[in-house]
Amino acid sequence: MLNDDELLRYSRHLLLEDVGETGQQALKNAKVLIIGMGGLGSPASLYLAAAGVGHIVLNDFDHIEVSNLQRQISYQSDDIGEAKVEVAKRKLQQINPEIKVRSINKAMPEMQLTMELTMADLVLDCTDNMASRQLINKACVDAKVPLIVGAAIRFEGQLMFFDHSETDSPCYHCLFPSSEEQTLNCSNSGIIGPVVGTIGTLQALEAIKYFVGLPSGIKNKLKLFDGKSLDWQTFTINKDPKCTVCGQH
Amino acid sequence: MKIHVNEQVLELAENTNIEQLLVHLDKPLIGSAVAVNQDIISRSHWADTILNEGDNISLFQAIAGG
């Protein structure tokens, strides 16, 4: 049951047949773990808090630097030096006091990640390195928790959704089996704010759709975004039967 | 035979597989992904996937940034 404040706050959701009170209640009951609170995690978490996702867990070990401010829109100048997850948590609670936000201010070891996944309905991979992505993928496959992956650099973005609660789901490792770090990263290659913002925003959109019961148009697909042409390319990701992570699942 | 690689036409010998194509184009085998006609082919199948006349190949790299 939604209270009066919620009926007002989420009125623009309630007007949508695809959401309604049932969908809003589903968002209220939802538990989302967002790993990475930089360019992707900022918009993703802002939109999910605004939408009324009832339990949001934010994980990052980083502190805010001035070069983050060009795109990590959860933060402002006087936050420099503070822990990202603490600032973000405050901001999300200010946007929406109705929800619960918890912060994990460290690089989670595998065991802690596994434990967190027992309390999550969905994970958003908003990290910035391949090692983390592989770790998160494996943990989500093992725990059977759906995973929405975003990535961006320069003017390009990538977006994927894997529903690991389904048997025969492919995984991130099927697509990118190497744990070797990409030589291109944001600090040596650059990135445009709205490009990473677009991908993070779409991670939030996919998460909302997941909870309200709308089918994902991108499940097991790789969406490539070109921020110069605004073109999207769509590719089908097939499960690799020899995948060392999900091959046996 | 003619194929398209990232929308550019390429002339290629018959019976070329994906792995051979990447080597021919001097693309890194690590961190690359390959789609044939919008279908991503897993790394483990690159050596046994033969390309055909008219195939649209998309090559891209893993992006890890965020």
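The values are calculated or read from the model by the stated rules, or taken from the named source; none is laboratory data. Quick caveat, the model's predicted, so the values are computed rather than measured. Neighbour counts run over all protein chains shown; Cβ positions are idealised from the backbone, glycine included.
Taking only segment A:42-61 into account, find how many residues are among the acidic types (Asp, Glu) and assigned to a helix (DSSP H, G or I). Give the steps one after another, and end with the answer.
Of segment A:42-61, the ones among the acidic types (Asp, Glu) are A:60.
Among the residues that remain, those that are also assigned to a helix (DSSP H, G or I) are: none.
The qualifying residues number 0.
Tell me, which residue of segment A:27-80 that is within 13 Å of another protein chain (Cβ to nearest Cβ) and acidic (Asp, Glu) is surrounded by the most Cβ atoms within 10 Å (Cβ to Cβ)?
A:60
I need the full set of residues from segment B:1-34 which are at pLDDT below 95 and hydroxyl-bearing (Ser, Thr, Tyr), in order please.
Within segment B:1-34, just B:32 meets the criteria.
From (1) without any contact (Cβ under 8 Å) to a residue 60 or more places away in the chain; (2) surrounded by fewer than 19 Cβ atoms within 10 Å (Cβ to Cβ); (3) charged (D, E, K, R), pick out the condition that doesn't hold for residue A:168.
(1)
I need the full set of residues from segment A:171-211 which are among the β-branched types (Val, Ile, Thr) and surrounded by fewer than 16 Cβ atoms within 10 Å (Cβ to Cβ), in order please.
A:183
Out of (1) assigned to a helix (DSSP H, G or I); (2) closer than 23 Å to residue A:153 by Cα, what's the single condition that is false for residue A:24?
(2)
Go through segment A:191-218 residue by residue and tally those that are in a loop (DSSP other than H, G, I, E, B), of a type outside the set (S, T, N, Q) and either touching a strand residue (DSSP E or B) at 6+ places or on another chain (Cβ under 6 Å) or farther than 16 Å from residue A:151 by Cβ (or both).
5
Of the residues A:141, A:195, which is in contact with a His (Cβ under 6 Å, 6 or more places away or on another chain) and either under 18 Å from residue A:114 (Cα atoms) or among the hydrophobic types (A, V, I, L, M, F, W, C) (or both)?
A:141
Of the numbered conditions (1) within 14 Å of chain B (Cβ to nearest Cβ); (2) at pLDDT 95 or above; (3) more than 25 Å from residue A:82 (Cβ to Cβ), residue A:122 satisfies every one except a single condition; which is it?
(1)
Taking the condition of being in a strand (DSSP E or B), buried (at least 16 other Cβ atoms within 10 Å of the Cβ) and more than 9 Å from chain B (Cβ to nearest Cβ), how many residues in segment A:222-248 meet it?
Summing the residues that are in a strand (DSSP E or B), buried (at least 16 other Cβ atoms within 10 Å of the Cβ) and more than 9 Å from chain B (Cβ to nearest Cβ) in segment A:222-248 gives 2.
Residues are listed down the side, and each one gets a yes or a no for (1) more than 21 Å from residue A:38 (Cβ to Cβ); (2) at pLDDT 95 or above; (3) under 19 Å from the mean Cα position of the chain (by Cα):
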residue	(1), (2), (3)
A:163	yes, yes, yes
A:172	no, yes, yes
A:177	yes, no, no
A:187	no, no, no
A:191	no, yes, yes
A:195	no, yes, yes
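Anything in segment A:1-48 that is out of contact with any strand residue (DSSP E or B) (no Cβ under 9 Å at 6 or more places or on another chain), hydrophobic (A, V, I, L, M, F, W, C) and within 18 Å of residue A:97 (Cα to Cα)? List them, or say none.
A:1, A:2, A:7, A:8, A:26, A:27, A:46
All but one of (1) surrounded by 19 or more Cβ atoms within 10 Å (Cβ to Cβ); (2) hydrophobic (A, V, I, L, M, F, W, C); (3) farther than 23 Å from residue B:7 by Cα hold for residue A:214; which doesn't?
It fails just one condition, (1).
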